[in-house]
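The values are calculated or read from the model by the stated rules, or taken from the named source; none is laboratory data. Given the structure is predicted, the values throughout are model-derived calculations rather than measurements. With ideal geometry, Cβ positions are generated from the backbone for all residues, glycine too; neighbour counts draw on all protein chains shown. Only protein heavy atoms, including side chains, enter the accessible area calculation; ligands, DNA and RNA are left aside. Shrake-Rupley method; radii C 1.70, N 1.55, O 1.52, S 1.80 Å.
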Amino acid sequence: MTEVIAMLEELRDITPLTAEAAAARFAAQEWTPGGKIRDGVETSWDKGGVGGWIRTFGGGAVGVSFFVWIRDVDESGYFDDLDAVYAQGERALADFLPEIEESPLAGHLIEAEQTEADRDEFIAVKKWTLGTRTLTAGVIQQDTDLPVMVVVALEQPGAA
């Protein structure tokens, strides 16, 4: 997922990370806008089958997330073998982690401990700090009738 690594490198030096600055970097890297504008900023992007999105939170917090693998629900609206889908997601995550850990970003990453919230939210997860930001890669399913995805998220906390 070279597209994701390239974008993370682009976003690493933006201080402060804002939705506008992130959108400008997506456009400069020739990602295709998805037509989801919020507060005047394009928030949904696509390149090479990888989706990216920009989220804003209270206090100026900004997150840029990517899905690098996705498995949608079966025709029934659920998964026939959810454990097998989770295992596929964990393998996809394991295949992607070396791309992060062997990229130019690696010299700037410090492994971070998982929180209880991380263990509740993710099926499998790995976290790092990148300066004041958090980089998270994990397998997630937000509800039983939603896809299982491998996501990578770079989040900058807002002002305290």
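Per-structure values
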item	result
Failed criterion for residue 17 (all others in (1) open to solvent by 30 Å² or more (accessible area, probe 1.4 Å); (2) part of a loop (DSSP other than H, G, I, E, B) hold)	(1)
Given (1) aliphatic (A, V, I, L, M); (2) touching a residue at least 24 places away in the same chain (Cβ under 8 Å); (3) within 17 Å of residue 6 (Cβ to Cβ), number of the condition residue 106 does not satisfy	(2)
Residue check, residue 106 part of a helix (DSSP H, G or I) and surrounded by fewer than 17 Cβ atoms within 10 Å (Cβ to Cβ)	yes
Search result, residues across the stretch 1-14 that are open to solvent by less than 70 Å² (accessible area, probe 1.4 Å) and part of a helix (DSSP H, G or I)	3, 4, 5, 6, 7, 8, 9, 10, 11, 12
Single residue of 130, 135, 154 found to be surrounded by 11 or more Cβ atoms within 10 Å (Cβ to Cβ) and in contact with a His (Cβ under 7 Å, 6 or more places away or on another chain)	130
Unique residue being modelled with pLDDT under 95, touching a strand residue (DSSP E or B) at 6+ places or on another chain (Cβ under 7 Å), more than 23 Å from residue 97 (Cβ to Cβ) and of a type in the set (Val, Ile, Thr) when the list is 18, 32	18
The lone exception for residue 115 - which of (1) open to solvent by 40 Å² or more (accessible area, probe 1.4 Å); (2) closer than 13 Å to residue 8 by Cβ it fails	(2)
